[in-house]
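To start, the structure itself, in structure tokens.
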């Protein structure tokens, strides 16, 4: 995606069931903004936080 572009996306279970839908906006070269419904936000954040990767500091 180019900076300033947006796409529709979904977070799906292993069986392919859609758990949440959102718009993804590329706000900077290394930054994405996910916009989703407020009622699905807590569960979506909890599930997506399992996939956060951190760079090594060494």
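Since every read-out is calculated from the coordinates, none of them should be taken as a lab result. None of these values were measured; they are calculated from a predicted model.
Numerical summary
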read-out	value
Gaussian network model of the chain, Cα within-10 Å springs - most flexible of 13, 21, 37	13
Sequence-separation-based contact order of segment 6-48, relative, with Cα cut under 8 Å and 6+ spacing, percent	29 percent
